[in-house]
Amino acid sequence: MDSMTEREIAVAVDEELRNGDRRSPVYREAMVDVLRFKFHGTPLPTPYRPGSVEFDAYYSGNERGHQLYRKLQQA
């Protein structure tokens, strides 16, 4: 998969999280940001203060976003 639209990115993330995998909006945001980076080169932001709960959620979602990217590439 070479590229995805913004809509396709959102759908891919929502599908990945759909099956009982309840995560915070910040976690989801990070997954979307990673796919934007991978498919469009959009720089990854650092939107939260280190040590905050949001920072932890964002970087956990960031890791999951990279996993999802690899999964999409294999499909």
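Just so you know, all these numbers are worked out from the coordinates, no wet-lab data involved. Keep in mind that what you see is a predicted model, and the values were worked out from it rather than measured. So basically every Cβ, Gly included, is an ideal-geometry build from the backbone, and we count neighbours across all protein chains shown.
A few notes on this one:
- Only one entry of Glu6, Glu15 meets the criterion of being surrounded by fewer than 18 Cβ atoms within 10 Å (Cβ to Cβ) and more than 15 Å from Gly61 (Cα to Cα), and that entry is Glu6.
- Within the range 38-51, at least one residue is closer than 16 Å to Gln67 by Cβ, under 11 Å from the mean Cα position of the chain (by Cα) and not in a loop (DSSP other than H, G, I, E, B).
- Checking each residue in the range 36-75 for being surrounded by fewer than 12 Cβ atoms within 10 Å (Cβ to Cβ) and either in contact (Cβ under 8 Å) with a residue 60 or more places away in the chain or on the phi > 0 side of the Ramachandran plot (or both) picks out Gly41, Gly51, Gln73, Ala75.
- Check on Val26, buried (at least 17 other Cβ atoms within 10 Å of the Cβ) and either in contact with a strand residue (DSSP E or B) (Cβ under 6 Å, 6 or more places away or on another chain) or farther than 21 Å from Ser3 by Cβ (or both): yes
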